[in-house]
1. In whole Hz, what ³J(HN,Hα) sequence does segment 383-393 give by Karplus (6.51, -1.76, 1.60; θ = phi - 60°), x for Gly and Pro?
2. Enumerate the amide H contacts of SER64 below 5 Å, restricted to partners 5 or more residues apart or on another chain; note that Pro and chain-start residues carry no placed amide H.
3. Which order, highest average first, do 251-257, 92-98 follow once you tally other Cβ atoms within 10 Å for each residue and take the mean per peptide?
4. Under a 5 Å amide H to amide H cut-off, with H placed in plane at 1.01 Å, what residues pair with ALA23 once short-range neighbours are removed?
5. Apply the Karplus curve 6.51 cos²θ - 1.76 cosθ + 1.60, θ = phi - 60°, to the phi angles in segment 84-93 and return the couplings in whole Hz, x for Gly and Pro.
6. Hey, how much of the P(r) for segment 329-419 falls beyond 19 Å, as a percent of Cα pairs?
7. So what are the three principal axis dimensions of segment 1-114 from its Cα atoms, in whole Å, longest to shortest?
Amino acid sequence: MGPADQANDGYQAVFFMEGVKVARQMTASEFGAFLDGYVGLSDLAETDVRAVYVALSGDLLVQSLVFFRIYFDDEGRADSHWNIPVERFATEGAKGPDLGGGPIRLVCRSQCPEPRYAEELWDPDMTPGSNHFQSIRKAVQANKLKFRKIEPAPAVEEAIPVLAVPAPAPVEPDSSGERARLAQMIREQRLRIKTLQSVHRDALTDIQREHRVEMQALRSEMSDLEQKYERQRLTNEQLKERLSERNEQYLAIQEQMAGNEETSGRDQQTSSAELVLLQEQLERKERELEMRGDRIALLEQENHDLRSREPAEDSLMRQLQEQSVFLVAYHPGVGHLTLPFDDIERYFGNPVSYAAEKCGLNEPAYREWLEHYENPVCRHAGDDGGECNEPVMRVSQPAEFRPGQDDRCEAHQSVAVTS
């Protein structure tokens, strides 16, 4: 991107967006300084910014828009590897909405001249009433960058003598203007459909990523509770063993005392004291055991509540459960699957197994068909161990696939049957 901010036929600027609003404006030369690393923006540190390259005519009408992304590092400096040719794209973009000076040239993710750059672009919001195009047009009209408006020179008409001719006959009104207006409306609607599809894909990807993170957190919490429960169970078993040993000692002392009833009073007092001490220890251990049992019961209840609890009122899982948002997965042989809430965790645990079940197959059989479907070639292995790889007819339905026949060419089908 060159440093000049005024071409022979107009001006260039870069707008930084927040939502549908223009948050920051700069000329093309100022943006070039950021790219060269001369200055940084500390408030944009570690931020992926959505920006728009704006090409204007001399009379400050929008001619071209390029919607691109740029990353600022932890020091607020622009990514040194950024190399999107926005100036060239501004001259190559397809027709977009009319922002006052006729249809603009538009380049965005859904309408990119070079597909390899598409992932580095983004799609504008085209919602009627409040969208990126309206915000950009208002910012241009406000002209905070103080571009000097160049009024077009008035056309000078030479007085040319005209011979008197009869008045032409009435002609039907030309409908070319109406056709142009309809064509422009159709282009805008197609672009809006493309951008909405792109936004839907991005939103679905974000939901799936948030769901995976939430499920991982729940699994981690479940694992911690299970480990805690297992530790309490082991402690309880140890206490039971110690209590059993104390009971045996108590019984042994009772037997010993029964056999020594005629011993001296001092020995009897000592034995009685030891018996009282053991009884107190036994009672204390019994209370500890009861407390341990209560804690184990509480943990078991917490574990049960965690497994069966309802998602939070405004959480992603509650939206999925109430089917205000649907998760849709696509698998060859099955097509698009709308996942019920109860199947979501099982699906993300093993998507291929889930798809195989929907086909009425086990997972190995479905994988064998999938390998044939993605690469329909002969799988016959020769004496040297290499495969034939001759193209064969693809079987599009998993249930109709016959291993050893449908994945063999005509020359090797007979070999597969006889062998």
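All of the numbers you see were taken from the coordinates with simple rules; none came from a lab. From a predicted model like this one, the values you see are computed outputs, not experimental measurements. Here Cβ is always computed from backbone atoms with ideal geometry, including for glycine, and neighbour counts include all displayed protein chains.
1. Working through the residues one at a time gives 5, 7, x, x, 7, 5, 6, 6, x, 10, 5 Hz.
2. ALA55, ARG105
3. The peptides rank, most packed first, as 92-98, 251-257.
4. For ALA23, whose amide H was placed from the backbone, the distant partners under 5 Å are PHE16, MET17, GLU18.
5. 6, x, 5, 5, 5, 4, 4, 9, 10, x
6. 46
7. For segment 1-114, the Cα spread along each principal axis is 41, 29, 27 Å.
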